[in-house]
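What follows is a single structure, written as structure tokens, with notes after it.
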Amino acid sequence: MSTFNSLAYVGEAIESVLSQSYPNWELLITDDASTDNTWQLLSFYEQRYNNIHIFKNEKNLGAARSRNYGIERATGRYLAFLDADDSWQANKLSEQVSFMKRNQVPVSCTSYQVVDEQGKNLGLVDRLPQGAISYDDLLKKRVTFGCSTVIVDKNRTGYFMMPDLRTGQDYATWLGILRRVGYAQHYPQPLTNYRITPGSISRNKVRKAQRQWQIYRQQEKLGLARSMICFINYAYRATFRR
């Protein structure tokens with residue numbers, strides 16, 4: 001988990017990890033130089049639970065570097081990601097890890113339900129196509145992974161780090177992994193609560209489009225023609241997907 005000025009929500013995110021029916025977990029949180037009282041709340045939890053470990057950046061480095069700090073220090077086979085303003089259902093880890101073990105899946109994601117700023121369920125569920133998800137599916141945005149839904153089996157994917165991008169680093173990470181291992185698998189249950197806040201609703205669409213093009217050309221090193229085809233797919237789905 002990476003946090004930055006997340007005092008309003010991070011306690012709920014941590015409590016959702018504490019409530020997991022899966023017992024064998026550790027939670028690594030990197031605070032990205034918050035200026036509110038996020039660090040004090042994180043310290044409260046670390047002092048009370050020996051499987052919660054917190055780290056602090058001296059200056060703001062962005063979500064990618066903060067998550068990488070946790071990736072480097074994680075001792076488990078499975079890496080699960082949780083944004084500080086999201087939360088998990090109590091059976092999230094147990095169901096998803098069992099699914100991955102049973103089917104020998106290198107990367108999995110789940111559906112998620114959308115909640116508002118106060119955590120109220122909005123009755124919206126993002127349901128992905130069932131079955132295997134290919135690199136091309138992700139590249140053309142036929143499928144979008146919610147970062148807080150993803151679990152990676154390091155034994156199958158090998159070592160990885162998130163690219164140092166200010167935005168879209170999670171998407172670029174999943175692309176890099178799928179390019180190597182070939183596919184991910186969707187577990188068709190909404191096991192994550194994805195929070196919509198005013199800031200997330202008003203995200204700059206031009207900057208998102210620029211970021212998408214940058215990932216195609218610089219991160220994935222696609223040729224111009226293939227980049228344009230993928231970008232057209234991205235733009236269409238960004239415009240018309242409900």
Inter-label distance for Thr197 and Asp36, nm, one decimal - labels placed 7 Å from Cα along Cα-to-Cβ
0.6
7 Å from Cα along Cα→Cβ at both Tyr159 and Lys208: what's the point-to-point distance in nm?
3.5
Starting from 0.36 nm per residue, how many nanometres of slack lie between Arg102 and Leu124 once their C-alpha separation is accounted for?
5.0 nm
Under 12 Å from the Cβ of Thr192, count the other residues' Cβ atoms, weight Lys and Arg +1, Asp and Glu -1, and hand me the total.
-3
Listed residues Phe145, Phe44, Phe55, most fluctuating in the chain (Gaussian network, C-alpha, under 10 Å):
Phe44
Within the chain, the percent of DSSP beta bridges that are antiparallel, given to the nearest 5, stands at 50
Length released on extending from Lys221 to Trp25, taking residue separation times 0.36 nm less the Cα-Cα span:
66.9 nm
Rel. contact order, % - alpha carbon contacts under 8 angstrom, at least six apart, segment 115-195
48
Counting only Cα, what are the radius of gyration and maximum Cα-Cα distance Dmax of segment 151-242, in Å?
14.9, 38
Taking 0.36 nm per residue of separation and subtracting the Cα-Cα distance, what length does fully extending Ser43 through Leu18 add?
7.5 nm
Using +1 at the Cβ of each Lys and Arg and -1 at the Cβ of each Asp and Glu in the chain, identify which of Ala132, Ser87, Ser34 lies farthest towards the dipole's positive end.
Ala132
Charge dipole (debye, nearest 20) of the chain; +1 at Cβ of Lys and Arg, -1 at Cβ of Asp and Glu
1160
Taking the Cα atoms of segment 39-94 alone, what are Rg (to one decimal) and Dmax (as a whole number) in Å?
12.6, 35
If one computes P(r) from the Cα atoms of segment 2-202, what percent of pairs lie at distances over 25 Å?
33
What is the dipole size for segment 203-242, taken about its Cα centre, with +1 at each Lys and Arg Cβ and -1 at each Asp and Glu Cβ, in debye to the nearest 20?
240
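Taken together, the values in this text are just the output of simple stated rules run on the coordinates, not laboratory data. Treat the numbers as computed from the prediction; the structure is a model and nothing was measured. We place every Cβ from the backbone using ideal geometry, glycine too, and count neighbours over all the protein chains shown.
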